[in-house]
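Presented below is the structure to which this report refers.
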Amino acid sequence: MGLFASQRSTADRFAADVRNLVTHADELLRMTASYSGEKVTDARARLGEKVSEMRDVLDRAQSAAATQGKRAIKATNNAAKATNSYVRQHPWQALGIGLAVGAAIGLVSFWNNKR
């Protein structure tokens with residue numbers, strides 16, 4: 001599993017945990033609906049406000065994550081298209097760049113292994 005997949009998995013688990021918390025808080029509000037008393041009523045009102053706020057925060061976070069994901073995919077696709085276009089227009093230069101990068105990585109790897 002790659003770094004991005006791991007981050008995605010963690011974010012998904014966090015979102016699921018928050019949804020679960022909101023669901024349980026809603027259930028608690030429904031279960032205590034018949035309780036009376038000023039303190040209980042105040043506590044239920046505050047909890048209801050917080051649950052509503054958490055729903056809004058979660059919705060905004062999910063929307064922002066989806067938007068950022070779409071932007072990242074679009075940027076990656078654009079970079080791939082630009083690279084493909086460059087390689088097709090300049091195959092020998094692309095080959096030379098690939099060889100140079102490969103040689104540089106090989107040298108760095110060789111020097112690191114000597115230590």
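In region 72-80, the condition of being among the charged types (D, E, K, R), assigned to a helix (DSSP H, G or I) and over 26 Å from the mean Cα position of the chain (by Cα) is met by no residue.
Pairs under 9 Å by beta carbon, first residue free of Cβ contacts under 8 Å to residues at least 24 places away in the same chain in region 74-87, partner assigned to a helix (DSSP H, G or I) and surrounded by 10 or more Cβ atoms within 10 Å (Cβ to Cβ), six or more apart or different chains? Qualifying pairs under 9 Å: Thr83/Ala94; Tyr86/Gln93; Tyr86/Ala94; Val87/Gln93; Val87/Ala94; Val87/Leu95.
Of the residues contained in region 33-49, none is found to be surrounded by 10 or more Cβ atoms within 10 Å (Cβ to Cβ), touching a residue at least 24 places away in the same chain (Cβ under 8 Å) and among the acidic types (Asp, Glu). Asn112 meets the conditions (1) surrounded by 10 or more Cβ atoms within 10 Å (Cβ to Cβ); (2) modelled with pLDDT under 90 in every case but one. The failed one is (1).
Residue-wise test of (1) surrounded by 10 or more Cβ atoms within 10 Å (Cβ to Cβ); (2) small (Gly, Ala, Ser); (3) over 30 Å from Ala15 (Cβ atoms).
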{"residue": "Arg60", "(1), (2), (3)": "yes, no, no"}
{"residue": "Ser63", "(1), (2), (3)": "yes, yes, no"}
{"residue": "Ala66", "(1), (2), (3)": "yes, yes, no"}
{"residue": "Lys74", "(1), (2), (3)": "yes, no, no"}
{"residue": "Lys81", "(1), (2), (3)": "yes, no, yes"}
{"residue": "His90", "(1), (2), (3)": "yes, no, yes"}
{"residue": "Gly96", "(1), (2), (3)": "yes, yes, yes"}
{"residue": "Leu99", "(1), (2), (3)": "yes, no, yes"}
{"residue": "Ala103", "(1), (2), (3)": "yes, yes, yes"}
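The values are calculated or read from the model by the stated rules, or taken from the named source; none is laboratory data. For clarity, every value in this text was computed on a predicted model and none was experimentally measured. As a convention, Cβ positions derive from the backbone with ideal geometry for all residues, glycine included, and neighbour counts pool all protein chains shown.
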